[in-house]
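J.: Pasting a structure below so you can have a look.
Bear in mind these aren't lab numbers, they're just calculated from the coordinates by the rules spelled out. Worth saying up front: this structure is predicted, and the values here are computed from it rather than measured. Reconstructed Cβ throughout: ideal geometry from the backbone, glycine too, with neighbour counts over all protein chains shown.
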Amino acid sequence: KYPLLPSLASGFAVGGSEGVGIVTERGKDATGLREAKVGDVVVPVKANLGWWGEEIVCGANEVQAIPLPSGSAHLEKLATLSVCFSTAYRLLHSVDPPLKRGDSFIQNGSTSAVGQSLIQLGRLR
């Protein structure tokens, strides 16, 4: 059983909860805290928006604009931003007993995106 089911209003669903995109159009009524302008780089803040498709249509509150200096990042590297750090955060905060400042943890697969996120978040503790 899937915890989050995509909408099947169109008769089919496109997978993908992680991705990165560039805003190409903006609806005239699009408002919200995460307002993105045409040309902005965005990542999802909501699961199951169909990010594995060529294009998606979504609400302004379903994406977060990422401010980037010109030429500062490869878009494909940003695609994991919304999933890897949240996965690492949940891993660090689901340990029983909870980790305290100065505690150590063992982490396998440190070259993966989640592994790199764990290392960075662990250093902040």
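J.: So if we plug the beta-carbon distance of F105 and E55 into 1/(1 + (r/R0)^6) with R0 = 41 Å, what FRET efficiency do we get, rounded to 0.05? Walk me through the numbers before you get to the answer.
T.: Values: r = 40 Å, r/R0 = 0.99.
It comes to 0.50.
J.: Would you work out which of L75, G115, V38 lies farthest towards the positive end of the dipole of region 29-125, given +1 charges on the beta-carbon of Lys and Arg and -1 on that of Asp and Glu, about the Cα centre?
T.: Selected residue: G115.
J.: Which of the peptides 56-66, 41-51 is most tightly packed, and how do the rest follow, going by the mean number of other Cβ atoms within 10 Å of each residue?
T.: Ranked by mean Cβ neighbours within 10 Å, highest first: 41-51, 56-66.
J.: Mind grabbing the base-10 log of I(q)/I(0) for region 11-125 at q = 0.13, 0.16, 0.19, 0.24 Å⁻¹? Debye formula, identical points on the C-alpha positions, no solvent, two decimal places.
T.: Those come out to -0.62, -0.84, -1.03, -1.31, one per q.
J.: Still on this structure, I have one more. Sequence-distant or interchain residues sharing an amide H contact under 5 Å with V63, placed H: which?
T.: V45
J.: To continue, here is another question. Give me, ordered by chain and number, the residues 5 or more places off N48 or on other chains with an amide H under 5 Å from its own placed amide H.
T.: Excluding prolines and chain starts, which carry no amide H, the hits are S17.
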